[in-house]
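Coordinate-derived values only; no laboratory data. Not measured: the values here are computed from a predicted model. A quick note on method: Cβ atoms are made from the backbone with ideal geometry, for glycine too, and the neighbour counts reach across all protein chains shown.
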Amino acid sequence: DAVVYWMRMEDMRISDNTALSQASELAVKSGVPLLVLFVLSPQDYKAHDRGARRIDFTLRNLRVIQDSLAQLNIPLYTLTHTPRKTLPERVLSIMTQWKVKNVFANIEYEVDELRRDIRVSELARNGGIQCTFLHDKCVIAPGLVQTKEGRGYSVYSPFLRAWLPHLRDTPDPLSCLPSPVANHTSARCHDVYGSLFNHEIPDAIEGLELRDGDAEQMRKCWPAGENSAKEMLLRFLYTKSRGSQLGQVDPLADGAKAPDKNPKDSRVGKYKDARDRLDADTTSRLSPYLAAGVISARECIRATVALSGGKVDASRDTGIGRWVQEVVWRDFYTHVLAYFPRVSMGRPFQEKFANVNWETNEKHLQAWKDGRTGVPIVDAGMRQANTMGWMHNRVRMITAMYLVKDLMIDWRLGEQYFMETLIDGDLASNNGGWQWSASTGVDAAPYFRIFNPYTQSQKADPTGEYIRHFVPELSNVRGDDVHNPSGNLADKLKYPRPFVKHSEARERAIRRYKVPGQE
Ligand code: FAD
């Protein structure tokens, strides 16, 4: 007999992990070993636009986890399975071979994954195996905060107003869950269970390999493992921004271990006023770690409590409060996905915008992807995505809105490209961000409120340093020209001219949104 923890792409950690903690507790109580299984499903990755960077990050984290579990004599097996349709049967046949009576996993809220787990549960029930699926991704689980009518929230502010008291009223919602306990079998577990299964973690998934050079860059920008995530959190909460640090590889090099004396000067201390500055490096850069579950959202909130006099501060008036609000956005979009599954099936949340008339223009789409639209702030953002696998929130909004409202290209194509390119790709947050920008989502920007990319650029990058860093053609351009170079200057620097005039594109977008399906 054994207990199995089925680890998924969103729970790449050992500590504070709900399913792992409960699986371990039961294994200890029953006196049986705990085994960990991770199933690689290339067809799912392709179907869900998982990019090579996100897969590589998963594999790197798995290696760290496997080493840590080995210290506890807990084996981690990986299995690569196709076709994805038969994955439930495959998992069940393994459980049967291992003579497992209990399987634990954390819930993935996407539709395909929920269907898979329902099928696994049915098969398990027939085979006398108990499957337990647990909430872990959010600080507050979907279902626990809802409107008076018992529905999911579709507006953020009331969600936040309900989220906070729920947290305060629940006993210890943020307490750290017990870590797994070592297996005490005389033999090494994998000698007993492992003969049929692989404990070699593959270097890559076929068809989703990283390009040379990119692998190295990703390793430096986003080191794997729980310790790296924790250092990243400390860096954000306790150390000062040391200038813009644009595109910095090795973010931990600036000494997360040496806290600044005055927490008000730390990145989180400055977050309220400077979080939208592209040239300031004041955000946490924790999104890759949160998206992959290398750190729990609970731990992030818990760490802020120590700086807020022992309570959760989610106010607009402090840096910490504003940051907690951002983590709540992550909860919000996951709840939206759970309550309104159509958003994960390519549908707009607001059905009235299902038939907006989009342009089909491969050249414009490709130029946007390559960062060659001729609008410097858009190009800088896209080049940051292409080189770092990550973007600042403000520039995600600017680039997304530019694709949808200025180039009038279907938001789903942008959503897909972000998912493929960003190391923090997360369906709920990415879809939420895209539908916000496209004015089709919950609590979205109204369709007539359209960012002017040039004024956004001056506000978010007043020094122009962000643009100069990511768009080398403009690195010597001084003053305001960097935000909007004249045609002659652009030609001289071999930088493209924009495809559309913003004021005209804006009018076109408003016309098309006003009467979807026409023009
Ligand atoms: P911080 O400002 O330090 O915020 C802390 C954490 O809060 C983030 O790590 C993230 O987990 C969460 N968070 C912050 N802002 C948001 C938000 N608007 N929505 C949801 N969660 C948020 N975030 C992803 O994690 N994955 C995505 O695939 C993703 N795609 C996006 C696409 C678009 C078009 C837009 C507008 C936003 C998207 N976001 C996504 C949200 C946000 O841009 C990133 O989470 C943030 O930029 C990450 O940087 P950070 O960790 O320094 O954030």
Rounded to 10°, Cα long-axis angle of helix 319-339 versus longest principal axis of the chain: 70 degrees
Quickly rank 22-30, 140-148 as a protection proxy: mean count of other C-beta atoms within 10 Å, highest first. 22-30, 140-148
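Per residue Cα convex hull volume for the chain, in cubic angstrom?
158 Å³
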Using Cα pairs under 8 angstrom and six or more residues apart, how large is the relative contact order of the chain, in percent? 16 percent
Taking amide H positions as placed in the peptide plane 1.01 Å from N, state which residues far from Thr132 in sequence (5 or more) or on other chains have amide H under 5 Å from it. Val103, Phe104, Ala105
If one puts a single equal scatterer on every Cα of region 351-514 and applies the Debye formula without solvent, what log₁₀ I(q)/I(0) results at q = 0.15, 0.16 Å⁻¹? -0.77, -0.88
How many angstrom separate the Cα center of region 447-484 from the Cα center of region 131-153? 40 Å
Dividing the mean separation of Cα pairs under 8 Å (6+ apart) by the residue count of region 351-514 yields a relative contact order in percent of 28 percent
Compute the label zone of Asn393 within region 331-361: residues whose backbone N is under 19 Å from the point 7 Å along Cα-to-Cβ. 331-337
Once the Cβ-Cβ distance between Glu507 and Asp480 is put in as r, and R0 is 25 Å, what FRET efficiency do you end up with, to the nearest 0.05? 0.50
Sorted by chain and then number, the residues having a modelled amide H within less than 5 Å of the amide H of Leu307, at least 5 places away or on another chain, are none
PRE zone check, label point 7 Å out along Cα-to-Cβ of Asn361, amide N under 17 Å, scope region 478-519, hits 496-513, 519
Need one number: nm distance between label points at Cys176 and Thr96, each 7 Å from Cα along Cα→Cβ, rounded to one decimal. 4.2 nm
At 0.36 nm per residue, minus the direct Cα-Cα distance, what do Asp112 and Leu413 gain on full extension? Give it in nm, one decimal, please. 106.3 nm
